[in-house]
Amino acid sequence: MDLTPSGRRPGEILADAVAGRRITAGEAHSLLLDGDLLELGIAANEVRNRHNDPEVSTYNIDRNINYTNVCVYKCRFCAFYREPGDAEGYLLPFEEIGRKIEETLALNGTGILLQGGVHPDLPISYYRDLLAYIREHYPDIHVHAFSPPEIKFIAKKERMSFGEVIAELKAAGLMSVPGGGAELLSDGVRKEVLAFAKTSAEEWVDIMRQAHRNELRTSATMMYGMGEGFEPRVEHLQRVRDLQDETGGLTAFISWTFQHEHTDMEDVPETFAHEYLKVLAVSRLFLDNITHIQTSWVTQGKKIGQLGLTFGADDMGSIMIEENVVSAAGTSYRMSQDEMEHLINSAGYTPRQRTNLYERFVTREDTSEAAQRYRQALTPENRELASPLPVIS
Ligand code: SF4
């Protein structure tokens, strides 16, 4: 994998990308180093409009449910985990997860992202039982669950292959796999920030490959800005593009910057909006085989998140009814469905709620029956997010 910057000028590379010619990792590296932000944005926007409806930007409504914060790993960038035995460690009862799903449905949601720390004591039967509980009680909710580090740990604990674990979880109700745990798919960085043990770059890719072979779609993520420079980011993009060439199973690419508060890496300088937008635009230009690119308002804030729609992104991600991992690192934003639509509208696009795998748009008529049924589940904190619904006394 040649990651060294190409000798070509950014203008030539951008012209190639806009014309539909694939750019190399070295060319992506050159764009990150020397590309002009606005020129990158214009080119990325053109490519975005080739992959997606130029008039529309999408979002979805789902909820991050972190079923446990207990984790055997100690990633240095993570402020969320608690070591086994820690008094602040938790494992949510199934009924509590059910209540969170009801609240999601009450807010016109269509799915959950179920992800945890890597709990050492949970056998595969725990995951099977949890999926079966959700399927039985909430058959309409999309279950996007268990990122590669969790799948690797289950495989090791049960002496199963990655593919066998995924097949068993799919049979129990798993519907797609989140791209969490990727951070940077570059083993030098992974060793440095203590993410190598949970999955090497190749293991992360292989788990996604096995998911795709089991006919499950997955997303791909990237978290950067841990002091690593541009080369590992380009390596990451290359690995993601290669996987998509091989399987075609990735629905979307989502990147965000490292949030450092309360982590072991608080001294790493923050990555600001200029660099975020540059990386977003280069991702859109390089990942010519992935249809959807999300902008991360959850980490960048609403204003930069919205601006991402002009730098190659076609999707705002979720309204985030609940988020624990980024907020543990000091960044916390919330948004109602109305506010999300206003944000997209005011950027010049028609907002459309989509399903979790981008198969179709969802209307409030589609979701209102379930929303009415579960509206009593809303906690006082989340009632303000439910503006289309009647006030609950
Ligand atoms: S990032 Fe995930 S695997 Fe790493 S310590 Fe945090 S919860 Fe555990």
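The values are calculated or read from the model by the stated rules, or taken from the named source; none is laboratory data. All values reported here derive from a predicted model rather than from experimental measurement. Cβ atoms come from the backbone with ideal geometry, glycine included; neighbour counts cover every protein chain shown.
Checking the conditions here, which among N345, N289 is more than 18 Å from the chain's Cα centre (by Cα) and either more than 30 Å from Y67 (Cα to Cα) or hydrophobic (A, V, I, L, M, F, W, C) (or both)? Don't jump to the end; show me each part of the working.
Numbers: N289 fails: more than 18 Å from the chain's Cα centre (by Cα).
Only one candidate qualifies: N345.
Go through (1) buried (at least 23 other Cβ atoms within 10 Å of the Cβ); (2) within 18 Å of K157 (Cα to Cα) and name the single condition G109 misses.
(2) is the only condition that G109 fails.
Taking region 266-282 on its own, how many of its residues are crowded, with 17+ Cβ neighbours inside 10 Å and in contact (Cβ under 8 Å) with a residue 60 or more places away in the chain?
Qualifying residue count for the region: 6.
Could you give me the residue pairs with C-beta distances under 7 Å whose first residue belongs to region 283-301 and is farther than 19 Å from L357 by Cβ and touching a residue at least 24 places away in the same chain (Cβ under 8 Å), whose second residue is in a loop (DSSP other than H, G, I, E, B) and among the aromatic types (F, W, Y) wherever it lies, and which are 6+ apart or on separate chains?
W297/Y333; V298/Y333; G301/Y333
Can you confirm whether region 28-50 contains a residue that is among the β-branched types (V, I, T), under 27 Å from L287 (Cβ atoms) and modelled with pLDDT of 95 or more? Spell out how you get there, then give the answer.
Of the residues in region 28-50, the ones among the β-branched types (V, I, T) are 42, 47.
When the remaining residues are screened for being under 27 Å from L287 (Cβ atoms), the result is 42, 47.
Restricting the remaining residues to those that are modelled with pLDDT of 95 or more gives 42, 47.
Within region 28-50, one or more residues are among the β-branched types (V, I, T), under 27 Å from L287 (Cβ atoms) and modelled with pLDDT of 95 or more.
Would you check if there is a residue in region 38-53 being closer than 30 Å to S368 by Cβ, out of contact with any strand residue (DSSP E or B) (no Cβ under 6 Å at 6 or more places or on another chain) and of a type in the set (D, E, K, R)? Even if it seems obvious, please write down each step before you answer.
First, pick out the residues of region 38-53 that are closer than 30 Å to S368 by Cβ: 52-53.
Now drop any that are not out of contact with any strand residue (DSSP E or B) (no Cβ under 6 Å at 6 or more places or on another chain), which leaves 52-53.
Next, from what is left, pick out any that are of a type in the set (D, E, K, R): 53.
Yes, there is a match, as at least one residue in region 38-53 is closer than 30 Å to S368 by Cβ, out of contact with any strand residue (DSSP E or B) (no Cβ under 6 Å at 6 or more places or on another chain) and of a type in the set (D, E, K, R).
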